[in-house]
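Chemist: I'd like to ask you about the structure that follows.
The values are calculated or read from the model by the stated rules, or taken from the named source; none is laboratory data. Just so we're clear, the structure is a prediction, and the values are computed from it rather than from any experiment. We place every Cβ from the backbone using ideal geometry, glycine too, and count neighbours over all the protein chains shown. Only protein heavy atoms, including side chains, enter the accessible area calculation; ligands, DNA and RNA are left aside. Shrake-Rupley method; radii C 1.70, N 1.55, O 1.52, S 1.80 Å.
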8 protein chains.
Amino acid sequence: MADQQSKPLVAIVMGSDSDFAVMQKAADILIEFQIPYEMRILSAHRVPNKLKEFVEKSESEGVKVFIAGAGLAAHLPGVIASMTYLPVIGIPLLSGTLNGIDSLLSIVQMPGGIPVATVGIDNSKNAALLAVQILSTSNNELADKLKLYRKKMADAVLKKDADLNKNVM
Amino acid sequence: MADQQSKPLVAIVMGSDSDFAVMQKAADILIEFQIPYEMRILSAHRVPNKLKEFVEKSESEGVKVFIAGAGLAAHLPGVIASMTYLPVIGIPLLSGTLNGIDSLLSIVQMPGGIPVATVGIDNSKNAALLAVQILSTSNNELADKLKLYRKKMADAVLKKDADLNKNVM
Amino acid sequence: MADQQSKPLVAIVMGSDSDFAVMQKAADILIEFQIPYEMRILSAHRVPNKLKEFVEKSESEGVKVFIAGAGLAAHLPGVIASMTYLPVIGIPLLSGTLNGIDSLLSIVQMPGGIPVATVGIDNSKNAALLAVQILSTSNNELADKLKLYRKKMADAVLKKDADLNKNVM
Amino acid sequence: MADQQSKPLVAIVMGSDSDFAVMQKAADILIEFQIPYEMRILSAHRVPNKLKEFVEKSESEGVKVFIAGAGLAAHLPGVIASMTYLPVIGIPLLSGTLNGIDSLLSIVQMPGGIPVATVGIDNSKNAALLAVQILSTSNNELADKLKLYRKKMADAVLKKDADLNKNVM
Amino acid sequence: MADQQSKPLVAIVMGSDSDFAVMQKAADILIEFQIPYEMRILSAHRVPNKLKEFVEKSESEGVKVFIAGAGLAAHLPGVIASMTYLPVIGIPLLSGTLNGIDSLLSIVQMPGGIPVATVGIDNSKNAALLAVQILSTSNNELADKLKLYRKKMADAVLKKDADLNKNVM
Amino acid sequence: MADQQSKPLVAIVMGSDSDFAVMQKAADILIEFQIPYEMRILSAHRVPNKLKEFVEKSESEGVKVFIAGAGLAAHLPGVIASMTYLPVIGIPLLSGTLNGIDSLLSIVQMPGGIPVATVGIDNSKNAALLAVQILSTSNNELADKLKLYRKKMADAVLKKDADLNKNVM
Amino acid sequence: MADQQSKPLVAIVMGSDSDFAVMQKAADILIEFQIPYEMRILSAHRVPNKLKEFVEKSESEGVKVFIAGAGLAAHLPGVIASMTYLPVIGIPLLSGTLNGIDSLLSIVQMPGGIPVATVGIDNSKNAALLAVQILSTSNNELADKLKLYRKKMADAVLKKDADLNKNVM
Amino acid sequence: MADQQSKPLVAIVMGSDSDFAVMQKAADILIEFQIPYEMRILSAHRVPNKLKEFVEKSESEGVKVFIAGAGLAAHLPGVIASMTYLPVIGIPLLSGTLNGIDSLLSIVQMPGGIPVATVGIDNSKNAALLAVQILSTSNNELADKLKLYRKKMADAVLKKDADLNKNVM
């Protein structure tokens, strides 16, 4: 991303450009928290070697968390997890006819030893927030930003609650 | 397998030795059809590099079909399929609490371009028969053996039907 | 198909003309690989005798692989499999209200002895590629074409990845 | 069955002798209602020709209803239904790991034109009672027996209810 | 129905007028087979007493088969079955958000003693054909009509198959 | 129940004595809260008329809440709900092979107008507690007992927590 | 609600204003029965402290029943139930891709001790009717209104049934 | 835990002592990696206030990651996540009759803004490894231990593979 000058701390990977719109919502959160990231299209099945190169390079150049989204038999997050000791966050993407239950199970049911931190179907926003939470465990400034983010969410709910009861509907 | 002297035509791969009992039933069929095979324990997540070496070596040394069984988020068949142009047969294994529906979906719902020929849950016998069918497309002797095998199956059913109606139950 | 002059190596069968659009994608792949095929509408339930005639004729005239697509209680692939020793590839089609899980289970959960090589729901492209893989086990030219096809898929992913990172989005 | 002297009105078919115990419960109901029946082991996939012969012979010799039980990708009831204009009752049998949901969907989701009258998973008793109901539409004696059977069921419930409230538990 | 002058042999019942469009397809089949029927809106939950009156009246006035369609927790077919010894055909209707799996299970999984002959989700056509099959067990004319109906279905498939192969697509 | 002298406020109904063990856990809670109840075996399908009599009598004699448990196509709670304006609590019971998902959907997915207050599968304890909560809305003594019950539950958790951390495990 | 002058007897809570349209249908029923209510937007996850304050205040100020609707991992009803001894009615809302099965299970499968009275997916009408039923256990006027409401529902069905059979369709 | 002298970095929470055996496997991994932890039994529904106190105290005293396991309508991880900005890892536990799919969906499908890092059903080992991965993002020693752990896993697979092929089976 041209607007991310520092070295990326988070790598966002998807297997196909058709996943871009959903994955961009993860990037939006990282931008909001001013966390440098890199976003790549690297399929676990179509370019496994390039994926491996990228994961190893990322690990050695300072990436701290991977976010990977995939649909159907969603192997991408698990395959990345097999290539790095770093935490990998998996986003089951809605693709095909089964409402995303296929990608959810293909991501969350990893065998013992190789975890993938799974979030809800198409919930790329939560994937990015989880990445921020992970980074915040060693970054007080991010921790403060997260607390502020939570406060804003709470205020937004309270405002809607106030609006609901201000008017006769 | 010490009793398989010729070069293997089929490679049977599982991710864990806990899958051995089910996978051996595939081997039994290949033995019955006198098809040389190799059986390996090579996890897609724990030893991805060794798996890749093995798949490439197998492809170059004359293996014609891969059979891979896996449970849970069953990536093994799909990962092998991403490493070879040869047909890969996937067996969803019963593992964990979800009755094998997780492994079935993780294997069968492969993205466009990288198929896995999926059989029923724990149905390693059918996986091996499918491998024999594939080999039989260019091997008339195997085709004859398959026809004989079908005839024996039919005879077994007819015998049971005859037995049922011979006796008062 | 008028443009397929040689004897068909692959038979594509569907039970209803409403399945044509999805099944044609399998034919498109076969055309791309220059594999002669025949496409037929022959329901397992409505014209079982014609189906049997066709399967037996195909087997005797050199067809090597069957591809069958069906929705709902999708019996067509399994019924064909019961009529031939050749490999049968089953495509669960989306039909009715259950997202294709009914056709997936009706195809993949075949009893021991009669396998159907099942691909993902509506994934007729993968069905055809699997047929090509099967034929390639005894056809080096096809094997080379498959390797090239894989390379093109990889190049397409890498191009999209490069495009993504060329521009600010 | 040696104890069924008249011509069978109901044909009970299963694909494997492993289904016998469940299917016998259907036979028990027919015996209770004194309805002559025939019970056969004839797999749709392993002996399709024998099955066809049997269905055609049964139809011509006076059978009025077929009862077919099958597990997994349970094609047997639907295949029989494709061979006869007579009503076919399908029993999804518990087999394999998916709790019978595979056989239920494989039986009940028949395409338009070829119905199978489906009962609950492993509910061979209800299959037989449904056959009796069908026969009773043209047999007043059977209708009376069914009314009596219902009355006995009701009495049994009322007796258990009375017992429950007679004692301190 | 004003156009059905004879005494009804089949009673079609639905719980809500929102089910009318699907249920009418059952009526269309009965009209095609010239079978007199009655169609009613009688909810098992909202007018249980009227439903009971209707079922008892139908039974006494010569109805031979009930067809009942219901969505969600689809109790209507089972409740009718508890009120008559006659065969009851249940159609699980698509209603609400669960794709009809709720109505399918609510209809097919009846307890022992009270069967409902269940057809596929929204498959009112098959429900009516099943009713015709049941009536045909004691009506040779209907049996002949069913055989003709099957033949027409087969011819329609064969015509589509011929069309497919006549033209280049 | 011989030990319940006052007029019952809660009626517990099950369709079969095989459900007794689970349903008794609901009775145990009512005994603990000293709420008079009546427990009956009255199947919606086998003795619909007796069930109706009982529901009407209960309503007129002061019952305030019904608790009904059923398995499979669990119609009992919904059928009772169609017979009374009083709240009906439904317990989906584990029965058959589908883990209780059939009974859950058959109970909770009631059509608009006739609610059933559904609790978890086999969770008869929660059904009874819900009945107590309902009665407590007009009974301060019961409200106090519920608060005490909650406090005891909390104390039990805290004791286990303390035990866990008292010892080295 | 400005038009609800008396003290609320029912509290309707949702976690997000996107749930408003469905939840308003619950309010509409309460308005029809002239039951004062309060409607609030208070997320269990975003404003847990405000939610707790509200529940405690409601309990102390005379609310008798809570109605809570939530989608996805629908914790709101259960969290409210952990904060009060009063009955809590949970509405699983359709949200996300899984047809509401996630919210249904997240609401109905509460652990022993803390029940939530669950209604069907998006069935806010039934939630409100259940609240009316609960209140009617100590309010004869409401009981009479409920009986009248049932009668109107029955009349509406009978009118539709009459209309259906008045005209030729 | 008496053997954990340093301040805990990870807090393991379960709602019931019946979950202890599975949760201890998470503790075992932390012991293996010499990471100080605290393990508590604190139900989200039964002792919500104590849970809140504990989460706030843990956050202020240096805990970096929460691990929470729960079954059925598994609210515990999400409720903790609503109380802290720190990462929360959720383990869906097998409990009740639905194979853990209820707890999986109740944990993973969190609404936008409050993520829970979900692992596979009963996979407490992966939960702990994920916690180690998170801590390793700011702790090189832990990163090295993780790499070593991966290497040992790989060696164990390779040894089993070697054993398999050393002997005739």
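Chemist: Taking segment A:49-74 as the search range and keeping residues that are crowded, with 20+ Cβ neighbours inside 10 Å and closer than 17 Å to B:Leu51 by Cα, which one is nearest to the chain's Cα centre (by Cα)?
Modeler: Residues of segment A:49-74 that are crowded, with 20+ Cβ neighbours inside 10 Å, as a first pass: A:51-52, A:54-55, A:58, A:63-74.
Narrowing the set further to residues that are closer than 17 Å to B:Leu51 by Cα leaves A:51-52.
Numbers: A:Leu51: 17, A:Lys52: 19 Å.
Looking at the filtered set, the residue picked out is A:Leu51.
Chemist: Another question, then. How many residues does segment B:81-123 contain that are without any contact (Cβ under 8 Å) to a residue 12 or more places away in the chain and of a type in the set (S, T, N, Q)?
Modeler: Qualifying residue count, segment B:81-123: 2.
Chemist: Criterion first (within 7 Å of another protein chain (Cβ to nearest Cβ) and either part of a helix (DSSP H, G or I) or within 28 Å of C:Ser95 (Cβ to Cβ) (or both)) does D:Ala156 satisfy it?
Modeler: On the way: within 7 Å of another protein chain (Cβ to nearest Cβ): no; either part of a helix (DSSP H, G or I) or within 28 Å of C:Ser95 (Cβ to Cβ) (or both): yes.
Against the criterion (within 7 Å of another protein chain (Cβ to nearest Cβ) and either part of a helix (DSSP H, G or I) or within 28 Å of C:Ser95 (Cβ to Cβ) (or both)), D:Ala156 does not qualify.
Chemist: When you go through F:Val63, F:Val108 one by one, which is the residue that is more than 9 Å from every other protein chain (Cβ to nearest Cβ) and closer than 22 Å to F:Lys25 by Cα?
Modeler: Details: F:Val108 fails: more than 9 Å from every other protein chain (Cβ to nearest Cβ).
Of the residues listed, the single one that is more than 9 Å from every other protein chain (Cβ to nearest Cβ) and closer than 22 Å to F:Lys25 by Cα is F:Val63.
Chemist: Any chance you could count how many residues in segment F:127-149 are touching a Ser or Thr at 6+ places or on another chain (Cβ under 9 Å), outside any loop (DSSP other than H, G, I, E, B) and over 16 Å from F:Val88 (Cβ atoms)?
Modeler: Residues flagged as touching a Ser or Thr at 6+ places or on another chain (Cβ under 9 Å), outside any loop (DSSP other than H, G, I, E, B) and over 16 Å from F:Val88 (Cβ atoms) within segment F:127-149 amount to 5.
Chemist: With respect to C:Ser95, determine if the residue is small (Gly, Ala, Ser), within 19 Å of B:Ile134 (Cα to Cα) and open to solvent by 10 Å² or more (accessible area, probe 1.4 Å). It would help to see each step written out before you state the result.
Modeler: On the way: small (Gly, Ala, Ser): yes; within 19 Å of B:Ile134 (Cα to Cα): no; open to solvent by 10 Å² or more (accessible area, probe 1.4 Å): yes.
Answer is no for this residue.
Chemist: Scan segment E:87-100 and give yes if some residue there is aliphatic (A, V, I, L, M), modelled with pLDDT of 95 or more and more than 22 Å from E:Asp17 (Cβ to Cβ), otherwise no.
Modeler: Pass one, segment E:87-100, residues aliphatic (A, V, I, L, M): E:88-89, E:91, E:93-94, E:98.
From the residues that got through so far, the ones that are modelled with pLDDT of 95 or more too are E:88-89, E:91, E:93-94, E:98.
Narrowing the set further to residues that are more than 22 Å from E:Asp17 (Cβ to Cβ) leaves none.
Looking through segment E:87-100, none of the residues is aliphatic (A, V, I, L, M), modelled with pLDDT of 95 or more and more than 22 Å from E:Asp17 (Cβ to Cβ).
Chemist: Next question. Which one of the conditions (1) out of contact with any Lys or Arg (no Cβ under 6 Å at 6 or more places or on another chain); (2) surrounded by fewer than 21 Cβ atoms within 10 Å (Cβ to Cβ); (3) free of Cβ contacts under 8 Å to residues at least 24 places away in the same chain does G:Lys145 fail to meet, given that it meets all the rest?
Modeler: (3)
Chemist: Restricting to segment G:75-87, and then to whatever is more than 8 Å from every other protein chain (Cβ to nearest Cβ) and crowded, with 24+ Cβ neighbours inside 10 Å, can you tell me which residue is nearest to the chain's Cα centre (by Cα)? Please lay out each step first, then the result.
Modeler: So the first thing to find is which residues in segment G:75-87 are more than 8 Å from every other protein chain (Cβ to nearest Cβ), and the list is G:76-77, G:80, G:84.
Okay, now just the ones that are also crowded, with 24+ Cβ neighbours inside 10 Å, so G:76-77, G:80.
On the way: G:Leu76: 13, G:Pro77: 10, G:Ile80: 13 Å.
That would be G:Pro77.
Chemist: Take the residues of segment G:112-131 that are open to solvent by 10 Å² or more (accessible area, probe 1.4 Å) and within 8 Å of chain F (Cβ to nearest Cβ): which is farthest from the chain's Cα centre (by Cα)?
Modeler: Here is the first cut: in segment G:112-131, the residues open to solvent by 10 Å² or more (accessible area, probe 1.4 Å) are G:112, G:121-123, G:125.
Add one more test, that the residue is within 8 Å of chain F (Cβ to nearest Cβ), and what stays is G:112, G:121, G:123, G:125.
Numbers: G:Gly112: 22, G:Ile121: 11, G:Asn123: 8, G:Lys125: 7 Å.
Among those residues, the one meeting the criterion is G:Gly112.
Chemist: Does B:Leu130 satisfy the criteria of being closer than 28 Å to B:Leu76 by Cα and touching an Asp or Glu at 6+ places or on another chain (Cβ under 7 Å)? Walk me through how you get there before you give the answer.
Modeler: Working: closer than 28 Å to B:Leu76 by Cα: yes; touching an Asp or Glu at 6+ places or on another chain (Cβ under 7 Å): no.
Here the answer is no, as B:Leu130 does not meet what is asked.
Chemist: Moving on. Hey, can you tell me all the residues within segment E:17-48 that are crowded, with 17+ Cβ neighbours inside 10 Å, over 19 Å from F:His75 (Cβ atoms) and among the hydroxyl-bearing types (Ser, Thr, Tyr)?
Modeler: Within segment E:17-48, E:Tyr37 is the sole residue that qualifies.
Chemist: Same structure again: So, in segment A:132-142, of the ones that are among the β-branched types (Val, Ile, Thr) and either open to solvent by 10 Å² or more (accessible area, probe 1.4 Å) or facing chain H (nearest Cβ under 7 Å) (or both), which residue ends up nearest to H:Pro87 (Cα to Cα)?
Modeler: Going residue by residue through segment A:132-142, those that are among the β-branched types (Val, Ile, Thr) are A:132, A:134, A:137.
Narrowing the set further to residues that are either open to solvent by 10 Å² or more (accessible area, probe 1.4 Å) or facing chain H (nearest Cβ under 7 Å) (or both) leaves A:134, A:137.
Working: A:Ile134: 6, A:Thr137: 8 Å.
Residue satisfying both the conditions and the ranking: A:Ile134.
Chemist: Tell me whether segment E:158-168 contains one or more residues that are under 23 Å from D:Val108 (Cα atoms) and not basic (Lys, Arg).
Modeler: No, every residue in segment E:158-168 fails to be under 23 Å from D:Val108 (Cα atoms) and not basic (Lys, Arg).
Chemist: Residues of segment A:19-59 being in contact (Cβ under 8 Å) with a residue 24 or more places away in the chain and within 14 Å of chain B (Cβ to nearest Cβ), which ones?
Modeler: A:Asp19, A:Ile41, A:Leu42, A:Ser43, A:Ala44, A:His45, A:Arg46, A:Pro48, A:Leu51, A:Lys52, A:Val55, A:Glu56
Chemist: Output the number of residues of segment A:132-152 satisfying the condition of being under 18 Å from H:Ala117 (Cα atoms) and touching a helix residue (DSSP H, G or I) at 6+ places or on another chain (Cβ under 7 Å).
Modeler: 8
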